[in-house]
Amino acid sequence: MLKLDTSTISGKVVAFAAGIIHGLAGPGGILDVIPAMHMHDWKLACLYLGCFCFASTSAMGVFAALYGNISKALSTAGNAELYMECFSSSISLIKSLAN
């Protein structure tokens, strides 16, 4: 019988839910709906929304995978973890101040 590690699964579910909420709260939700509203064919609008969702999710997944691999490779160095945390938080602050 397969035994699942519930702490890992619950962490993944929470991370996935946070990503969904973050995605809905961002400006992408507005930017993808406006062009779809101006399309007078509901099939084209649904196709557009589906492609937008797929493309944005894929781009976020590729970025997360690359960032994770790079940070894992750098974590073997001495203070790399501290530098990665400082770098990530600095990028986040700069982005929030730019908006």
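On the first, second and third principal axes, largest extent first, how far apart are the outermost C-alpha atoms of the range 29-98 in Å?
Here the spans come out as 58, 26, 8 Å, largest first.
When the Karplus curve 6.51 cos²θ - 1.76 cosθ + 1.60 is applied with θ = phi - 60°, which whole-Hz ³J(HN,Hα) does each residue of the range 37-42 get, with x for Gly and Pro?
5, 7, 7, 9, 10, 5
So if each residue of separation counts as 0.36 nm, and I subtract the Cα-Cα distance between Ala73 and Lys95, what length gain in nm does that give?
Gain in length upon complete extension: 5.4 nm.
Where a number appears in this text, it was derived from the coordinates with a stated rule and is not lab data. These numbers were taken from a predicted model, which means no experiment stands behind them.
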